[in-house]
Amino acid sequence: MTSLLRARPRPVPPLVAVAHGSREPGALRTVTALLDLVRSLRPGLRVELGHVELNEPLLPDTLEALPAGEAVLVPLLLGRGHHVKHDLPGAAAAAGHLSVPIAAPLGPHPLLAEALAGRLAETGWSAAGASRTGGVVLAAAGSRDPDSARDAERTAALLSARLGGVPVVPAYASAAEPTVPEAVAALRAAGRHDTALASYFTAPGLFATRCARDASGLP
């Protein structure tokens, strides 16, 4: 006999967005605005914030406050590195009352290349006008993990394709080479003097400020 009872829909687990954290006040404002947008797009979905360091709430505290069950971690990070490979799995494992799948980091992804191209256009820099003499430095945080560099290189390739083949060179604020000044110098040595900086960070912070300072005078 066919049962007339329908299975109850599985509850949607809360989403925990994981930001790095920064002493720069604009970082928390930016991340909070992003999560408000996600909540507006998905009414009824519980969306929480946790930080790796420097800001509250810290990720372990966010996970501890959730009810037993499942939660999904979404790194607001742009590539694979120590935080994605070690800190997030460690926090998930320590939350014994939860089953915690972890999403991939945000990048590399074609939509990020689209966003970077839009930010460059906002400066007045034109890929069409720079097709022969232009170049872009993709400024990222940097990591000792080679997968992080590979992800930044992939984003650089996606952005170059989006810009019609204008060369895009990844550069790093820490832990990896080249630095932003070194990448600018390499582009200029190749005859690419119409250079712009693409800031590859999810929010304002120390590294974004450092890279902008090191690229003083560039769009």
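Where the second residue is open to solvent by 40 Å² or more (accessible area, probe 1.4 Å) and the first is charged (D, E, K, R) and lies in the stretch 195-219, which pairs have Cβ atoms under 9 Å and are six or more apart or on separate chains?
D214/T179; D214/P181
Where in the stretch 112-202 are there strands (runs of 3 or more DSSP E), lying wholly inside it, with at least 1 residues that are open to solvent by 30 Å² or more (accessible area, probe 1.4 Å) and either within 27 Å of G26 (Cβ to Cβ) or of a type in the set (D, E, K, R) (or both)?
By residue number, 168-172, 194-199.
What's the total number of residues in the stretch 43-84 that are charged (D, E, K, R) and touching a strand residue (DSSP E or B) at 6+ places or on another chain (Cβ under 8 Å)?
The number of residues fulfilling the criteria is 4.
Conditions: (1) open to solvent by less than 20 Å² (accessible area, probe 1.4 Å); (2) in contact with a strand residue (DSSP E or B) (Cβ under 8 Å, 6 or more places away or on another chain); (3) closer than 14 Å to F201 by Cα. V16 meets all but one. Number of the miss?
With respect to (1) open to solvent by less than 20 Å² (accessible area, probe 1.4 Å); (2) in contact with a strand residue (DSSP E or B) (Cβ under 8 Å, 6 or more places away or on another chain); (3) closer than 14 Å to F201 by Cα, V16 is out only on (3).
Residues of the stretch 42-68 being free of Cβ contacts under 8 Å to residues at least 40 places away in the same chain and either part of a helix (DSSP H, G or I) or at positive phi (or both), which ones?
Hits for the stretch 42-68 are G44, L54, P60, D61, E64.
Just one of A93, A104 is open to solvent by 50 Å² or more (accessible area, probe 1.4 Å) and not in a helix (DSSP H, G or I); which is it? Quick ask: steps written out before the conclusion?
Values: A93 fails: not in a helix (DSSP H, G or I).
The unique qualifying residue is A104.
Yes/no matrix, rows are residues, columns are (1) within 21 Å of G96 (Cβ to Cβ); (2) open to solvent by less than 30 Å² (accessible area, probe 1.4 Å):
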| residue | (1), (2) |
| --- | --- |
| R39 | no, no |
| R46 | yes, no |
| V52 | yes, no |
| D61 | yes, no |
| G69 | yes, no |
| V72 | yes, no |
| L76 | no, yes |
| R80 | no, no |
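Restricting the search to the stretch 17-27, which residues are under 21 Å from L66 (Cα atoms) and without any contact (Cβ under 8 Å) to a residue 60 or more places away in the chain? Break it down stepwise before answering.
Pass one, the stretch 17-27, residues under 21 Å from L66 (Cα atoms): 17-21.
Matches in the stretch 17-27: A17, G21.
Of the conditions (1) of a type outside the set (F, W, Y); (2) farther than 15 Å from P108 by Cα; (3) open to solvent by 50 Å² or more (accessible area, probe 1.4 Å); (4) part of a helix (DSSP H, G or I), C211 satisfies every one except a single condition; which number is it?
(3)
The values are calculated or read from the model by the stated rules, or taken from the named source; none is laboratory data. Small disclaimer: the values here were computed from a predicted structure and weren't measured. Here Cβ is always computed from backbone atoms with ideal geometry, including for glycine, and neighbour counts include all displayed protein chains. The accessibility values were calculated without ligands, DNA or RNA, using every heavy atom of the protein model including side chains. Shrake-Rupley method; radii C 1.70, N 1.55, O 1.52, S 1.80 Å.
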